[in-house]
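Notes for the one structure printed next.
Please treat every number below as a calculation from the coordinates, not as lab data. What you see is a predicted model, and the numbers here were worked out from it, not measured in a lab. A quick note on method: Cβ atoms are made from the backbone with ideal geometry, for glycine too, and the neighbour counts reach across all protein chains shown.
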Amino acid sequence: MIYLVHGDDIAKSRALIANQQKKLNVEKRTEVVLGETDTISIIEASKSGDLFGNSPFLVVDASKASKTVLDEFANNIENIGKNAVLIIFFNKELTKTNPVLQKVIPLDIRTSLSIKTAEGNVFKFVDALFSKNRKATYTQLQNLYKEDADTFYIFSMVVYGIRNLANVAFKSAAVFKMNPYVKTKAEAQLKNFDETTIKEIYSKLYELDKKTKTGALEPDLALTLAIEKVLNS
């Protein structure tokens, strides 16, 4: 069973993926990035179940794959294991010339388009978190949940926040490309963190992200641990 999920509303796309996993009663899913993981490895993974005979549930993020890689992947879609669930994910709306989209149309693969309509309170949440305002952080988090924001999306915005701090703290070249308002915010929030703390938070978020993508940790718990790591650092 193959699905194509694309569009710039990452929260909605992630919610669709999570809902499909829940609907199929699958406990563990594997997420890979196309390009970092080659097509042959993905095909092989789709044909191998776990020790209990459960079929694989694979999410392939093809958002940053080159045209050459996409062409190869598209030409091998029909080789995906028959019992596997494969979700091909793009964080943008695909054009008609995209090789994967061209391939899935004649195969009658289910396709979902997620278009972003509003940012909601996510930037207020990030601002409160890295200002270490516990009450405001959890208030804004509740607002996000009321808007049906996806946990993966909220977690990605925590990563976005620490990345901005790191860029400013370590004078990364990316600073010159930052929005002036975002840069000013990050500079003000730096008083709450030293360089060692920023590295520790970054490392912790990477660890949590890896565990959620391999199914070793529930996304909601990972988000809570990430928030508490920032607030208590």
Inter-label distance, nm, simple model (7 Å from Cα along the C-beta direction), N133/S172:
2.5
Taking region 2-113, the whole-percent share of alpha-carbon pairs separated by over 16 angstrom is 56
Would you work out the charge dipole size for region 2-113 about its Cα centre, treating the Cβ of every Lys and Arg as +1 and the Cβ of every Asp and Glu as -1, and quote it to the nearest 20 debye?
340
Which of the listed residues, T196, H6, N98, is farthest toward the dipole's positive end in the chain, when Lys, Arg count +1 and Asp, Glu count -1 at the beta-carbon?
T196
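In which sequence would L113, L94 go, from the one with the fewest C-beta neighbours within 10 Å to the one with the most?
The order, fewest Cβ neighbours first, is L113, L94.
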What is the magnitude of the charge dipole of region 69-217 about its Cα centre, with +1 placed on the Cβ of each Lys and Arg, -1 on the Cβ of each Asp and Glu, and no other charges, expressed in debye to the nearest 20?
420
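Determine by what factor the alpha-carbon radius of gyration of region 122-231 differs from 2.2 N^0.38 Å, reporting the quotient.
Values: Rg = 13.6 Å, N = 110, 2.2 N^0.38 = 13.1 Å.
This ratio for region 122-231 stands at 1.03.
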Once you've got the GNM for the chain with C-alpha springs shorter than 10 Å, pick whichever of D150, D127, D38 has the biggest mean-square fluctuation.
D38
So if I place +1 on the C-beta of Lys and Arg and -1 on the C-beta of Asp and Glu, and nothing else carries charge, what would the dipole magnitude of region 172-233 be about its Cα centre? I want it in debye, nearest 20.
240
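Going by C-beta contacts inside 10 Å, put Y181, Y153 in order with the fewest on the left.
Lowest to highest Cβ neighbour count: Y181, Y153.
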What is the chain's relative contact order, in percent, from Cα pairs under 8 angstrom and six or more apart in sequence?
24
Taking F170, F125, F176 and counting other C-beta atoms within 10 Å, the order from fewest to most
F176, F170, F125
Among the GluC sites (Glu not before Pro) within region 129-233, which fall in a DSSP loop and have no more than 14 other Cβ atoms within 10 Å of their own Cβ?
E147
Per-residue [θ]222 nm for the chain (sum of -39500 (n - 2.57) over DSSP H runs n ≥ 4, rounded to 500):
-16500 deg cm²/dmol
Gain in length, D38 to D8, computed as 0.36 nm per residue apart minus the alpha-carbon separation, to one decimal in nm?
8.4 nm
